[in-house]
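To start, the structure itself, in structure tokens.
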Amino acid sequence: ACHGADGKANGPGALAMNPRPRNFTDKAWQAKTTDARIIRVLNEGGAALGLSASMAAWKGILTDDEIKGMVGVIRNFGK
């Protein structure tokens, strides 16, 4: 709903958000971001890492395997 089906931060929820969600197709961001950081953001939410509080924490909602699977999805947007 936020990052969009194509990862370009154009989901229906993104339009009302400030700041806008991360554009996962941004190759510069993909190159400098580690899988460990993505996992941490997914688990703890954006505010825990000084990012937008709009990015929810998914730990306890998604399993560890689902979180790791999301890293693959996010990385595929950068290809």
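Remarks
- Cβ-Cβ contacts under 8 Å between residues 6 or more apart (or on different chains), taken from a first residue in region 28-49 that is at positive phi to a second residue that is open to solvent by 80 Å² or more (accessible area, probe 1.4 Å) and not in a helix (DSSP H, G or I), are listed as 45/53; 45/58.
- Pick from region 52-69, criterion open to solvent by 70 Å² or more (accessible area, probe 1.4 Å) and hydrophobic (A, V, I, L, M, F, W, C), ranking: nearest to residue 21 (Cα to Cα): 53
- Within region 30-49, the set of residues being assigned to a loop (DSSP other than H, G, I, E, B) and either open to solvent by less than 30 Å² (accessible area, probe 1.4 Å) or at pLDDT below 95 (or both) comprises 33, 45, 46.
- Residues that are outside any loop (DSSP other than H, G, I, E, B) and open to solvent by less than 60 Å² (accessible area, probe 1.4 Å) were ranked within region 1-29; the one that is modelled with the highest pLDDT is 29.
The values are calculated or read from the model by the stated rules, or taken from the named source; none is laboratory data. Here the structure is a predicted model, which means the values were calculated and not measured. Here Cβ is always computed from backbone atoms with ideal geometry, including for glycine, and neighbour counts include all displayed protein chains. To get the accessible areas, we keep the full protein, side chains included, count just its heavy atoms, and leave off ligands, DNA and RNA. Shrake-Rupley method; radii C 1.70, N 1.55, O 1.52, S 1.80 Å.
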